[in-house]
Each structure stands twice: as C-alpha cells, then as structure tokens.
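Derivation of every value follows stated rules applied to the coordinates shown; laboratory data play no part. Keep in mind that this is a model prediction, so the values were computed, not measured. A quick note on method: Cβ atoms are made from the backbone with ideal geometry, for glycine too, and the neighbour counts reach across all protein chains shown.
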Amino acid sequence: MAPNDMTLSRRGFLAGSGGLVFALTLGVPAEEALAQGASPQAIGAWVRISPDGAIVIRAPAAEMGQGVQTIVPLILAEEMDADWARVQVETAPVAEVFNNPAFRSQFTVASLTVKGYWMPARLAGAQVRRVLVQAAAERWGVAPDAVRTEPSVVIGPSGQRLTYGEIAAFARVPETLPAVQPADLKPVGSFRLLGRDVTRVDMAEKSSGRTQYAADIRLPGMLYATVARSPASGQRVARMNREEVAALPGVTHVLDLGHGVAVVGRSIPQVFAAREALRIEWSGSPPGAAVDSERDKALYLSHLRDPNRRPDVVFSRTGDAPAALQSAARTLTREYVSEYCYHAQMEPMGAVAHVRADGADVWTGTQWQTMAAMKTARITGLPPERVRVHQLMLGGGFGRRAHTEYIDDAVTLSKETGAPVKLLLSRADDLASGRLRPLTAQRVTMGLDSEGRIVALRHVVACEPVTPYMYGAERWRAVEGRDVITMRGSSLPHYTVPNQIAEHIHEMRGARVAAWRGIGCGYTKFALETMVDEIARDLGRDPLAYRIAMAANPRARAVLERVREMSGWPNAREGRHLGAAFAEYGDSLNATVVEISLDRALGRIRVHRLWAAVDVGLPLQPNTIVAQIEGGAIFGVSAALKEEVTIRDGAVVQRNFHDYPILRADVSPEIEVAILRGSDTPTEVGELGLPPVAPAIANAVRGATGKGLYHLPMTPERVRAALAG
C-alpha cells in the first residue's frame, strides 16, 4: 500500500521523487505555515517536474462534470508557464494542504471551487516559475530578471535555453520559497491557457467508458450491501423479518444500524432481492415523522399571513422597506409555493470501504472529501493518518454528495463484517432517504412610486433552514439563524430598489433537507422575477425594457441587452410565446429568455428554445461555461415543470422516475449561451444557469394568457387551474 500523503514527510517525498517537487500550501506560503507551527507533514506536494519534462499537477476538488479537475490545475499551469501538453493531472489526496480556502476544507459546493482556488493557485504557480527561473539564472551566472520563460522553457539573455525537465535534474527546491505578491502575477491579457478552451482532462476516459465510479471497484473477498433507512430521521427499528431475510440466497448479514437496516451479501442482485423481501416496522416519533407536505404548505402560508407571527430573522436589509411600503403610491402582494425537490443524480449513491486493524481505505465520489475522511476515522477509531479516501469521479452531485451518510454506512459495515464492502443504494431507497430541497412558501410585497418605479420590497420566506441539518447546531448558532442556503436570491441587488428587507420564518419540521443546485435562488427568484414581470405588464411596459431601465449597474444592463438581442425579443414565432427573467448567483449574472408553447386544454407547457446571456467575471474555459449554463438551464426547466416530492407521515411517497419524472432529451430546449466578461476575476458558474428559468417560463405564460403561475412545479393540473381562474 502506498503511503498516505498526510503522513509523508516533505524530505522523504523530495528524496523519493526523482525530480523537482514543490511543497506548497495554497493560501499560505510554506515557510509561513511552518512559522505558524504547522508540521512538515501537513504540507503536501502540488507540482512535480520530472527530468524528462513531464509535469504532474494535483487537482483538489470533486469532479462531477463541472470541469474543475482541468481548470484548477490550468490556473497553476498558466502562472508557472507550463507546456500544457506535458501536464498530467492527478486527483489530490485528502490533506489540509489541498483545502479550498473558501471553506478551509476539501469541499466542492456553491460554485466556489474556481473562485476559492483562483488566487492561491496563481500564487503557487508563480512560485514554481520563480524557483525555475532562479535555478536557471544561477546556472548561467546571470540575474533572474534577465531571463524569461516560454512554455516549459527558461530562456537566458543570450538565447540559452533550459527546459523545465533539464532544470529538474539539477535544481533544488529552496527551504524558503520565494515570496510572490498578487502584483507579480501575469496580467490577464498575457494568459496563454486561460480564456481559451483546452480539452478537459476527464473527457477521454469518460467518453471511452474507462472512468471509474464507486460501482466499478472490485476487491478480493468483497461483500455487497444496501441500506434501508428510516423514513424520518430519528426513527428506530421496532421489528423486522431478520431471520427470513438472512436465510435468502447469498445473504451473509442483516444488521440493525440504528438509523436503518443493512443487508449484506455476495452479489448486488442477491442483496437487492433480499432488500425487497425486508419488512420493517419503525418506532419513535421524531419531528420528521409528522411531516406532511400538503398540510405543511397550508401551515407555512398561514404563518406568512398571520400579523402576529413575526419572522425569526432578518436575512438582509437595505433602507427602510416598511416605511417605504407605507408611503408607496401602489403596492402589490403575492404568495408563492415551491415543493420539495430530489437531486435525481444518475450515479447510484455508493462507496467501497475496507477497514483493517492497520488502516482504512474508502473509494467513493464525494463532494466533501475532508468530512468523509474525518467520519471514517471517527467510526473506525483509527488515527486520521491511517485513513485514505480514494476520490473518484461523481456521476452527479448537485449538493446530494455533500452528505456522507452512504460512506459512513459502508465504513461501518466493513468494520462489522471484517471484509471490504461495496454499498449501493437502489433508486427507491435513495429517493426515500433523499436530502431534499426544502418545501417553501413565500410572500412578496413590492411598492411603486407614482412613475411606476419599484421603491420598496419585503420578501418573507417560510421554510425549513438547511444549515442546522447539514452543518449542525454549532454552525447554526454561529450564523445566528441566517441560512444562506435557503435564503439566497431573496433580494434585488442589481435593480435600483432603495428599500428592501428579506426575512425568514424558520419552519423546524425535521425533514431531511439539503442544498440543491441553485440553492435558494431556484424559488426566491421565481417569486421576485415573476412579480417584476407582472408589474411591468400592468404598467403597459415591455418587461425586458423595464428591467433594463431598473438595472443598477452596467453589468446587469449588459446581460439584459445582450439577451434581448440574441432572442429577437419581443418577436416570437407563430404559436410561441417569450418570457424573460434576470438573476444573480453570487457575483455572476444571468439574463434568460425562453420560448414556449402552451397547450391550454391540457395545461402543458413546453420550452422550445432558451437564450442566456451570462456574466461570469473572467471566463476561464468558455466551452465548459457554456456546458454548465446548459446543464443548469435543463435542471431549471425540469424543476419548473415536473419535479415534486410528496411527503406523508414523514415518508417520501415517490419511488422512482415513473412517479418523479425529470425532463427527457426529446423535450429539452435548444439553448444558446453568450458569455460576457465583467471583471478580471472568475465568478460562480455551476449554479448560475438555473435561477432565471422558472420565472422566465411563468412570465411567458402570463404574456400569452394574462394569468399568473405561483406554484412550482408548474404541472398541467396547476396550469389548468390557473387558466380557469
């Protein structure tokens, strides 16, 4: 077994590398980390250069189709002036040195990977380049500022040349790495790699079927397992038909895990057959056992309407919204509902664990490598340095794989059985124990002045907060009840609305809730942007022109004007209707127009075309950005029209894609994306495609019929009811 990088000493790694190895701590220079008391073992290697010129750069984040295994190493390669054709990317192990500075953890969520690693990776790459330059300058007896670099080559003042590989054969990494400041980095205009498309490093293996997922791992003596979790968190097993299931072919163990029952056996078909035969009666009445989505919707709305029910927290405030609403020339109030949503990731939830007396290995795809390693150490009682997480590709994450309970179960079962265990969940069990986007009710009030300008906004969201469920009570206390996961998007920062307040009613129901692609923006922007559209139409104004007039900055105005141009707004083809919406996600902007058709008799909406103009700051990989916006838009259409989880008596009703339908390829829209550069820093991409989609669809329906849609998803039944009303 290869040594774990968390235990490998810097000196030992350098001695055994056969080339030039750079031990760099992202965000903290190595010498500063040591001065702060960090041990050498905590400093891992990011870059290796071999005498033959091959360069290895490690990728620290979870790759789930968003391209970060290419982009983060590319950032480093850009600053070190590496020949990308000579670069090989390796998945980084779990170690503190590879933490995303945004989270101080190896955690891939919230579209913050590129943004988080951007400056640290650039500084690290520049340090590598400076070491190479200094080594070559010393060899030639010239000043370092007299030499320059081209891809993987250092060039001297007289034209002499040394490749990075040749330098690696004689150079030594200094104990104190050269200091590099942001001012020393390449100007954006000098980039060779960033801003241009390179082939993603994961594409060849994915397109040829060689990519390994957890389901592909095979180990000698491996057992297989699946877990039936309790319908609601906190329930326990009262009775089950253990003996009957244990006697079925291939079954080796039927184990009560406390939170669920595991069936372990010699093959997946045998285990899944035994799972179908398993009958469990659950005991206990935790809060989640009383969750009922139909009843809770009415309860949430009653809380919004109750003048004596004050919101639990003010999430954001600008100006004096209550006073401005009192003095407004006109006000409009609407209520909105959105249902629970399931992540519907294509790869089954799964992990392989091998726990031994001398260590534990886990093979999985996770969005939170650090937590997976920590939980494995806790479950096994092993010291952290004896735990190794082999990070694999993710067949869809979207926030679902930010939870590690499936990894925890695999580790527990390997420890209990004394064998390597592959755990896989069926689609039905994953849906039943899914971590869902919360059910929400929203009440929005906007106030207008005599000229029709929006001058005040009050937005109240009633829903279960995600932070305490996902991160625990301590984190919940630390943020003082301000849950960004559920409340993101609840204001209008890019419109000139001087008085705004967003408030949250904490509905502590005990449901399994989680971050979901786009987080709060998926429903908050639905409420806000449909109301903006309604106001514009009531005033007799073009909704897109109304938004452009309200734009608070040139970036917002630019994406709105660009999408108007792209879509040919307001001219729709015969039998089609256009709708527009605008949304921010973090520091990125998206203006979207959709073209729909509406079957009024059936209440069926189809989105035929979608145009998105996005500002993502500095676009690093245009094709990857387009792919992410397309993926987010498809997610958005699917959630807007189809996706809904129903909970009764604490249990999820839906079982599979026959009753939890998602958008199919044959009815997916044509999508056109325009990328605008808004700054010299990359901003969020992965979640950005989704937020404006649902309101744009609803706005197209309003434009065609004059009827508003206020409930997500906009199913045929709800559309027919709205048209009839």
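Below, the figures for the structure above:
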quantity	calculated
Per-residue HN-Hα couplings for the stretch 612-629 [Karplus 6.51, -1.76, 1.60; θ = phi - 60°; Hz; x = Gly/Pro]	9, 10, 10, 10, 10, x, 9, x, 8, 9, x, 5, 5, 4, 4, 4, 5, 5
Contour minus Cα-Cα distance for Phe191 and Tyr213 (0.36 nm per residue)	4.5 nm
15 Å beta-carbon shell around Gly288, net charge (K/R +1, D/E -1)	+1
Order by protection proxy (mean Cβ within 10 Å, highest first), peptides 661-671, 360-370	360-370, 661-671
Spacing of the two label points (7 Å from each Cα toward its C-beta) at Ala85 and Thr199, in nm	1.2
Anisotropy class of the stretch 159-261 from Cα gyration tensor, a/c 1.5 cut	prolate
Cα gyration tensor category, rounded, prolate or oblate, for the chain with a/c compared to 1.5	oblate
Pairwise FRET efficiency - Leu539 versus Glu574, Cβ, R0 = 25 Å, nearest 0.05	0.40
Projected label distance in nm at Ala143 and Arg317, using a 7 Å step from Cα toward the beta-carbon	5.8
Zone residues, the stretch 445-479, relative to Arg309, backbone N less than 17 Å from point 7 Å out along Cα-to-Cβ	445, 459-465
In nm, spacing of pseudo-spin labels at Arg239 and Glu150 (7 Å Cα→C-beta vector)	8.1
For Met64, Met349, Met470, order by how many other beta-carbon atoms lie within 10 Å, fewest first	Met470, Met64, Met349
The stretch 612-713: C-alpha gyration tensor shape, a/c 1.5 cut-off, then a/b vs b/c	prolate
Charge dipole (debye, nearest 20) of the chain; +1 at Cβ of Lys and Arg, -1 at Cβ of Asp and Glu	600
Restraint check, Lys525/Lys707; Lys297/Lys525; Lys115/Lys186; Lys115/Lys642; Lys525/Lys642, Cα-Cα greater than 22 Å	Lys115/Lys642
Loop-resident sites, the stretch 626-655, for GluC sites (Glu not before Pro), counting at most 13 other Cβ within 10 Å (DSSP)	none
Helical mean residue ellipticity (222 nm; -39500 (n - 2.57) per DSSP H run of 4+; nearest 500) of the chain	-9500 deg cm²/dmol
Share antiparallel - DSSP beta bridges, the chain, percent rounded to 5	75
Proximal charge balance of Val719 [Cβ under 10 Å; K/R count +1, D/E count -1]	+3
Where GluC sites (Glu not before Pro) fall in DSSP loop in the stretch 552-605, at most 10 other Cβ within 10 Å	Glu574
Within the stretch 191-242: Cβ-based charge dipole about Cα centre, in debye rounded to nearest 20 (Lys, Arg +1; Asp, Glu -1)	260
